[in-house]
Amino acid sequence: MKKIKIAQIGISRYTHGRQIWKSLTEQSDIFEIVGYALPENEREKFPQLMDYFEGYQEFTVEEILGNPEIEAVTVETEEIYLTKYAIMAAEHGKHIHMEKPGGTDIAAFERLIETVKKNQTVFHTGYMYRYNPVMMELMDTIRSGELGEINSVEAYMSCIHPKAIREWLGGFSGGMMFYLGCHLVDLILQIQGKPERIIPLNKCSGLDNVASRDFGMAIFEYPNGVSIAKTSAVEMGGYARRQLVVSGSKGTVEIKPLEMSEGELMYTGKTEYGSEKWSDMGSYTKSELYNRYDGMMAAFAQMVRGEKVNPYTYDYELELYKTLLQCCEF
C-alpha cells in the first residue's frame, strides 16, 4: 500500500492538533510525514507544544503547499485561521483534513467549499463523534428504520473549564456553542436534517467575572418535534454526563457517556429502550476501547486513496457550518 505524503499546518492550545499529529506519527504504515509549518507566530505563542514536532522537518506554509509530492495536509491552526489556510491548501490542490468548525467568516467558508468542490479534492473535518464506533452503529440503526420516525434528539456536551479557557471563548460570539456545541449540531443535522427554525439561547454564567458565553443552547424545530443541543463550560460532572438521546416511534437509544477515558483510549456506553412499559430499564452495553483519532485519520487516508467516498459531502459541510452560525447568533 502506497503511503500518503502529508504535512501539518499549524497547532493550537485548545483543539486537537496535537492528537492528530500523534495519530499520523503512530500510523506510519499509512502516512509518510514530510514535515510541518507553524504560521501566525505559533512557535512563540505555544512553546510548550513544540516537543510534539521534535525529529521532524519544519517548513514554511508556502514550501509545503508548493511541494507537489505532498498530497494532503492537516490544517490545525487556531480556530480563527482555519479557513484561511484551508483555502490556501485547496487552491494548491491538496486533500485537506481541517479542525472543526472552520473560523467565523461565512464568505470565506463558502469560498473554501467552492474550491474543493471544483477540484474534487477530499475535504474532511475533525468532528470526532463521526468515528465513534457506537455512534456509527446508531446512525446505521436510524437509517435502517429500526427506531421508526425520529421525533426528538437531545444532545449534551459539557464540562468544567478553567478560567483561562472560558476567557478564550470570548473570541467567538458563540462561545461554547461554537467551540463544543458544533459537535452536537453535527449529530442533530445528520439525524434529522435541516430544521424549520433554530432558537439560540446562549448565555454568560458570570463565573469568575468572565464575560464569554460559556453556556450554549439551541432549540431545533422540526415538523414532528423539537430537538436540543446544550453545552456548558461551567458544569461539574459535565464530562461524565455527555450524552445523546434519540427518540423514535419504535424505540429510544441513549448514548452515555458519549466518551469516557480509560488511559489513552476511550469507551462509550449505550442503552436501548424498545418497550412501552414504564418500568423498562433498557438494555445497556459498553463498547470496546478505541482511539478517538486513529479511525478518523485512517478513513481520511482511504478517501485520499480513492478507496472510500466521504459520506459528508461538500454541501453537507456547508449546511452544517451555516446551521452552527445560526446557533451561535452570528
Quiz item: Considering region 171-194 alone, what residues qualify as being surrounded by fewer than 24 Cβ atoms within 10 Å (Cβ to Cβ) and touching a Leu at 6+ places or on another chain (Cβ under 8 Å)?
Solution: 189
Quiz prompt | Checking residue 247 against (1) closer than 30 Å to residue 162 by Cα; (2) part of a strand (DSSP E or B); (3) among the small types (Gly, Ala, Ser), the condition it does not meet | solution = (1)
Quiz prompt | Single residue of 167, 221, 146, 137 found to be of a type in the set (Asp, Glu), in a strand (DSSP E or B) and in the same structural domain as residue 238 (by TED's automatic domain parsing) | solution = 221
Practice problem: Could you run through region 86-126 and say how many residues are touching a Ser or Thr at 6+ places or on another chain (Cβ under 7 Å), part of a helix (DSSP H, G or I) and buried (at least 24 other Cβ atoms within 10 Å of the Cβ)? | Solution: 2
Quiz item: Tell me, which residue of region 251-285 that is within 21 Å of the chain's Cα centre (by Cα) and acidic (Asp, Glu) is modelled with the lowest pLDDT?
Solution: 264
Practice problem: Mind counting the residues in region 275-330 that are within 25 Å of residue 124 (Cα to Cα), free of Cβ contacts under 8 Å to residues at least 12 places away in the same chain and small (Gly, Ala, Ser)? | Solution: 1
Quiz item: When region 300-325 is examined, which residues are found to be touching a His at 6+ places or on another chain (Cβ under 8 Å) and either of a type in the set (Asp, Glu) or in a helix (DSSP H, G or I) (or both)?
Solution: 300, 303, 304
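The values are calculated or read from the model by the stated rules, or taken from the named source; none is laboratory data. Please read these numbers as outputs of a predicted model, since none were measured by experiment. Using ideal geometry, Cβ is built from the backbone for each residue, glycine included, and neighbour counts are taken over all protein chains shown.
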